[in-house]
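The structure appears right after this line, and notes come after that.
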Amino acid sequence: MKRIRLGVIGTGLAWERLHYPALQELSDKYEIVALSNRTKSDAEEFAKKINLDLKNVYDDYNEMLKRDDIDAVDILVPIESNYKVSEDVARAGKNFICEKPLAPNMEQAEKYLDLSRKYKLKIMIAENYRYNEENNKIRDIVKSGKIGTVVYFIRNNIACFPCEMVKDTFAGTEWRQYPKFPGGAFLDAALHDIAAMRHIFGAVESVQAFGRPQREDFNPYLSVNSNILFKNGIIGQFTYFPSGIEPQRPLVGFRIFGTKGEIYLEEKTCGVINVAYNDGTSEQVKFTPERGFYNELLNFYNTFNGTEEISVTPEIEYGDVKMVFDILESISSKKVINVDEPVKFGEKFHNFENRPEPYNYTQ
């Protein structure tokens, strides 16, 4: 199959450090034909690096979308613009990839689903944690039954956003420090953890969460602590602390406890999943960190030649985003919130996942 001719909207850090390196590996499958950025000079500088003629650079993406030599568009803009830009791209009849989350609030998230149904296009939401090797390998271990029936888990995410604000990092961007969308870093970053847990364990019954408020603009809470009940009976605790440092090693990380053993992932960059069994044996499952960007772009390419379906559709991402806002609602209301209930869009109800049979502990 010929290469996908790609137009890009947004040539900032996510493009330069995440998507473009993956596309370099996939240069036999993608051809970058046009770049658009609201600061045109930034896009021009990048065009020079890849020897793209400056006539293919735009500051108005709508002008770029008029081209008939673009097969797909890669959207990498601030979160508050995701739905608006996606809508414009869809109206132009272009297939596209949009960085997560698909929308900055639930109103636009629901409109996104209408967008997905109205336009018969290939649409992927770039939630790389659903494509990362470690999460797919953990999912396979869980499904294989090697640690028996999963009973509960702990997932702990501690990051020092304030430490990174003064560096050349994602936290250093103004729109993340002063977000124009509810949830701040919890929507932007903790969404990854939520997507990974849902990818591994499935649909969620309900959440109960607590948050310690803070005055910093980047996140409404110093920490968010959530109790999660999945529809298959698995219970877990997820903690997000974006203003801290975890100096003690090994890290709490991600621990999954089953009736026959335990899975332990210290952090997503460690390269090893530790599996310990109740009989005293253990094994280490190796993985290559940070392969989600490559895998998602490969998945998108494969949809064009008909060998795969898109793994992270707007419907899948909608469930992840809804859970973020359900957790925030639980904090503010001090109530248990039901998560994956059938939701009506237009004339149809959408089920996120059929409820599995509960585990029979008398077996």
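The values are calculated or read from the model by the stated rules, or taken from the named source; none is laboratory data. It should be emphasised that the depicted structure is a prediction, and the values quoted were computed from it without experimental measurement. Cβ coordinates were reconstructed from backbone atoms using ideal geometry, including for glycine residues, and neighbour counts include every protein chain displayed.
Here are the numbers for the structure shown:
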| item | result |
| --- | --- |
| Answer residue from segment 248-288, given it is more than 25 Å from ILE235 (Cβ to Cβ) and either among the basic types (Lys, Arg) or touching a Cys at 6+ places or on another chain (Cβ under 6 Å) (or both) and is surrounded by the most Cβ atoms within 10 Å (Cβ to Cβ) among those | LYS286 |
| Near pairs, Cβ below 7 angstrom, 6+ apart or cross-chain, from segment 74-93 (at pLDDT below 95) to any residue that is surrounded by fewer than 21 Cβ atoms within 10 Å (Cβ to Cβ) | none |
| Residue within segment 151-160 that is in contact with a helix residue (DSSP H, G or I) (Cβ under 8 Å, 6 or more places away or on another chain), among the small types (Gly, Ala, Ser) and under 16 Å from ILE316 (Cα atoms) present | no |
| Filter result for SER226 (of a type in the set (Ser, Thr, Tyr), crowded, with 16+ Cβ neighbours inside 10 Å, in the same structural domain as CYS163 (by TED's automatic domain parsing) and in contact with a Phe, Trp or Tyr (Cβ under 6 Å, 6 or more places away or on another chain)) | yes |
| Residue in segment 25-34 that is within 29 Å of GLN177 (Cβ to Cβ), assigned by TED's automatic domain parsing to the domain that holds ILE97 and β-branched (Val, Ile, Thr) present | no |
| Within segment 1-108, helices (runs of 4 or more DSSP H) holding 2 or more residues that are touching a Pro at 6+ places or on another chain (Cβ under 9 Å) and not acidic (Asp, Glu) | 82-91 |
| PHE210 being buried (at least 22 other Cβ atoms within 10 Å of the Cβ), outside any loop (DSSP other than H, G, I, E, B) and of a type in the set (Phe, Trp, Tyr) | no |
| Positions within segment 103-129 being among the β-branched types (Val, Ile, Thr) and touching a Phe, Trp or Tyr at 6+ places or on another chain (Cβ under 8 Å), in sequence order | ILE123 |
| Test: residue in segment 156-164 that is over 21 Å from GLU262 (Cα atoms), β-branched (Val, Ile, Thr) and either surrounded by fewer than 20 Cβ atoms within 10 Å (Cβ to Cβ) or in the same structural domain as GLY236 (by TED's automatic domain parsing) (or both) | yes |
| Residue within segment 350-357 that is modelled with pLDDT of 95 or more and farther than 30 Å from ARG5 by Cβ present | no |
| Single residue of segment 213-223 satisfying the filter (touching a residue at least 12 places away in the same chain (Cβ under 8 Å) and touching a strand residue (DSSP E or B) at 6+ places or on another chain (Cβ under 8 Å)) that is surrounded by the most Cβ atoms within 10 Å (Cβ to Cβ) | ASN219 |
| When residues of segment 289-342 are limited to those that are touching a strand residue (DSSP E or B) at 6+ places or on another chain (Cβ under 8 Å) and of a type in the set (Asp, Glu), the one surrounded by the most Cβ atoms within 10 Å (Cβ to Cβ) | GLU317 |
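Yes/no matrix, rows are residues, columns are (1) assigned by TED's automatic domain parsing to the domain that holds GLY253; (2) within 30 Å of ASN278 (Cα to Cα); (3) surrounded by 15 or more Cβ atoms within 10 Å (Cβ to Cβ):
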position	(1), (2), (3)
LYS122	no, no, yes
ASN136	yes, yes, yes
ARG139	yes, yes, yes
VAL150	yes, yes, yes
ILE154	yes, yes, yes
PHE170	yes, no, yes
